[in-house]
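One structure below.
All of the numbers you see were taken from the coordinates with simple rules; none came from a lab. None of these values were measured; they are calculated from a predicted model. Note that we place each Cβ from the backbone using ideal geometry, even for glycine, and neighbour counts take in every protein chain shown.
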Amino acid sequence: MIELKEGDVYEGQIEFSTSGNASLVINEKEVFVYKKNTANSLHLDKVKVQIFKAEKKLEGKVIEPTSRFKTEFVGRVQIGKNSRF
């Protein structure tokens, strides 16, 4: 088993919790990803994650999604004067 080190980049499948934070398993270790570090990834996407040290423990920061789990979405678009939602 390879030990995780600060600065290393890994690829894995990200899983979000209801809080907006996420995690992924790398080399049999769970890596926490704070919600502000998830970039534009979505639940179960495959992502590249860089490891960094945060308050005495290692965490991950999404560099980019490498593939989407879902590719089709259904929704409603609201068009405002200066915005789209």
Label zone at Glu11 (point 7 Å along Cα-to-Cβ), backbone N below 15 Å, the range 36-61: 45-50
Inter-label distance, nm, simple model (7 Å from Cα along the C-beta direction), Glu55/Ile2: 2.9 nm
Using θ = phi - 60° and Karplus 6.51 cos²θ - 1.76 cosθ + 1.60, couplings along the range 19-36 (whole Hz; Gly, Pro as x): 7, x, 6, 9, 8, 8, 9, 10, 6, 6, 10, 7, 10, 7, 10, 5, 4, 6
FRET efficiency estimate (nearest 0.05) - Cβ-Cβ, Thr66 to Phe32, R0 35 angstrom: 0.95
Debye-sum result for the chain in log10 I(q)/I(0), which assumes one identical scatterer on each alpha carbon, at q = 0.13, 0.21, 0.26 Å⁻¹: -0.46, -0.94, -1.29
Entries in Lys5/Lys36; Lys61/Lys81; Lys53/Lys81; Lys46/Lys81 that, when Cα-Cα distance is taken, lie over 32 Å: Lys61/Lys81; Lys53/Lys81; Lys46/Lys81
Under-5 Å amide H pairs with Ala39, H placed in peptide plane, nonlocal only: Val62
Projected label distance in nm at Val25 and Phe85, using a 7 Å step from Cα toward the beta-carbon: 3.9 nm
Vicinal HN-Hα couplings computed from phi for the range 70-85 (Karplus, 6.51 cos²θ - 1.76 cosθ + 1.60; Hz; Gly/Pro x): 10, 10, 10, 9, 10, x, 10, 9, 9, 9, x, 4, 10, 8, 10, 9
Residues whose placed amide H lies under 5 Å from that of Ala54, excluding near-sequence neighbours: Glu59
In Hz, Karplus ³J(HN,Hα) per residue of the range 48-54 (6.51, -1.76, 1.60; θ = phi - 60°; x = Gly, Pro): 9, 10, 9, 8, 9, 8, 9
5 angstrom amide H check on Leu44, placed H, neighbours 5+ away: Ile14, Glu15, Phe16
